[in-house]
1. Name the residues in the range 66-86 that are assigned to a loop (DSSP other than H, G, I, E, B) and crowded, with 16+ Cβ neighbours inside 10 Å, would you?
2. How about the range 47-101: which of its residues are on the phi > 0 side of the Ramachandran plot and either among the aromatic types (Phe, Trp, Tyr) or touching a residue at least 60 places away in the same chain (Cβ under 8 Å) (or both)?
3. Taking the criterion of being modelled with pLDDT of 95 or more, surrounded by fewer than 18 Cβ atoms within 10 Å (Cβ to Cβ) and not in a helix (DSSP H, G or I), would at least one residue in the range 24-35 satisfy it?
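The values are calculated or read from the model by the stated rules, or taken from the named source; none is laboratory data. Every value quoted in this text rests on a predicted model; they were computed, and no experiment measured them. So basically every Cβ, Gly included, is an ideal-geometry build from the backbone, and we count neighbours across all protein chains shown.
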Amino acid sequence: MANRQEDVASLEQLTVAGEGDRMTDEQIVEALKENGMKITRQRMLVAKVLAENDKASCKDICCMVQRKDPSVGVATVYRMINALEEIGVIERVDMIRLRDD
């Protein structure tokens, strides 16, 4: 089931929510704190990558995070993405599009 969820999530773009401009990594971290989440090195890295790469796919975010720190696991990134979605910091945007033929 986890692979199915990751496959579906990798087909979706993430959009960092914010009023007007995109949220910064500091704002993302603050939203995590406000929702009682512990701020770890891994979460700070994911927040930075998300803030710098609005509208990237989940899979791309994972690759970017792991490029910066190979010790951060895919499950860690997906849990962070799910947590941020639950608290309204990001939203998933479906990328699948039917051909016009």
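1. So the first thing to find is which residues in the range 66-86 are assigned to a loop (DSSP other than H, G, I, E, B), and the list is 69-73.
Matches in the range 66-86: 72 only.
2. First, the residues of the range 47-101 that are on the phi > 0 side of the Ramachandran plot: 55, 88.
Correct list: 88 only.
3. The answer is yes, given that some residue of the range 24-35 is modelled with pLDDT of 95 or more, surrounded by fewer than 18 Cβ atoms within 10 Å (Cβ to Cβ) and not in a helix (DSSP H, G or I).
Quick grid of which residues meet (1) of a type in the set (Gly, Ala, Ser); (2) surrounded by 17 or more Cβ atoms within 10 Å (Cβ to Cβ); (3) at pLDDT 95 or above; (4) within 17 Å of residue 22 (Cβ to Cβ):
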site	(1), (2), (3), (4)
52	no, no, no, yes
55	no, no, no, yes
64	no, yes, yes, yes
98	no, no, no, no
